[in-house]
Amino acid sequence: MKNHTILEPLREDQWFIESQELRSFVAKVSEISDRTVDDRTQTLARLEPYFQELLVQQEWLPQKFAQVNPESRMGGGIGQWLLYRAKDRSVSIFSLVIPPGSTTPVHDHLAWGLIGLYKGNQEETVYRRVDNGDAQEHAQLQITEVRRLQTGDIYRLLPPDGDIHAVKTTSQSASVSIHILGNDTGCIWRHQFIPESHSVKSFRSGYSNAPCQEEEEKEHALY
Ligand SMILES: [Fe+2]
């Protein structure tokens with residue numbers, strides 16, 4: 001299994017869309033997350049009303065960031081579009097676009113987070129790990145909940161609670177969810193689980209529109 005290496009800081013905060021709504025929200029995220037460093041339950045509770053406000057506004061997300069991605073690394077045409085990430089990689093905000101009928105792999109996130117449905121309907125299956133992680137590449141999962149989500153619904157991640165899940169689009173058109181995570185989710189090495197074979201492997205989803213560190217270095221090496 002890969003080490004969960006610490007990622008190098010970026011040169012500056014990165015913005016992938018121009019939106020006053022998102023800028024105001026990010027200001028709230030920094031303020032609240034700094035003030036509640038020792039209690040992430042509070043981070044989530046205080047952020048949620050602002051996130052709810054952002055979700056009901058349907059104009060700020062450009063169409064390009066609500067599109068599926070046929071070249072997706074997650075498979076199934078799933079688009080993971082980075083909207084913002086903090087210089088120190090302590091916060092990332094991205095949209096996840098899942099085509100109708102597609103399902104994400106079973107995966108974890110390894111950070112606090114809020115996820116809200118912006119468009120469409122989803123079914124989320126939540127798991128909990130019941131083995132102690134001692135046996136390599138082995139993981140025993142139990143389903144704890146299956147939730148049907150509608151536009152505007154929000155759920156919380158606070159590892160280990162709610163951190164392992166798979167999400168499927170149940171609407172006729174692609175579902176779009178907005179993720180606020182307390183790490184650079186697309187770039188860290190996390191886990192993908194295969195419940196049927198009780199196995200787990202290292203997984204890095206990447207983003208559809210932004211490189212991770214090693215990819216950046218490779219790009220620079222080309223010039
Ligand atoms: Fe997820």
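The values are calculated or read from the model by the stated rules, or taken from the named source; none is laboratory data. Since the structure is predicted, the reported quantities are computational estimates derived from the model, not experimental observations. Every residue, glycine among them, receives a Cβ derived from its backbone with ideal geometry; neighbour counts consider all protein chains shown. Quick note on the areas: whole protein, heavy atoms, side chains included, nothing else; ligands and nucleic acids left out. Shrake-Rupley method; radii C 1.70, N 1.55, O 1.52, S 1.80 Å.
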Per-residue [θ]222 nm for the chain (sum of -39500 (n - 2.57) over DSSP H runs n ≥ 4, rounded to 500): -6500 deg cm²/dmol
Spin-label pair Thr170/Glu48, simplified geometry with 7 Å Cα→Cβ offset, distance in nm: 2.1
Loop-resident sites, region 156-218, for GluC sites (Glu not before Pro), counting at most 10 other Cβ within 10 Å (DSSP): none
Residue-count net charge about Pro159 - beta-carbon cut-off 12 Å; Lys, Arg +1, Asp, Glu -1: +2
Cleavage-rule hits, GluC sites (Glu not before Pro), region 85-174, DSSP coil, Cβ neighbours within 10 Å at most 15: Glu137
Cβ-based net charge around Arg85, under 9 Å, with every Lys or Arg adding one and every Asp or Glu removing one: 0
Protein accessible area in region 110-220, 1.4 Å probe - carbon and sulfur %: 44
Calculated FRET efficiency for the pair Asn209/Thr144, C-beta based, R₀ 30 Å, to 0.05: 0.35
Sum of side-chain charges, Glu31 neighbourhood, beta-carbon under 14 Å (Lys, Arg +1; Asp, Glu -1): +3
Per residue accessible area in Å² of region 14-222, where ligands, DNA and RNA are left out and the probe is 1.4 Å: 46
Normalised convex hull volume, the chain, alpha-carbon set, Å³ per residue: 134
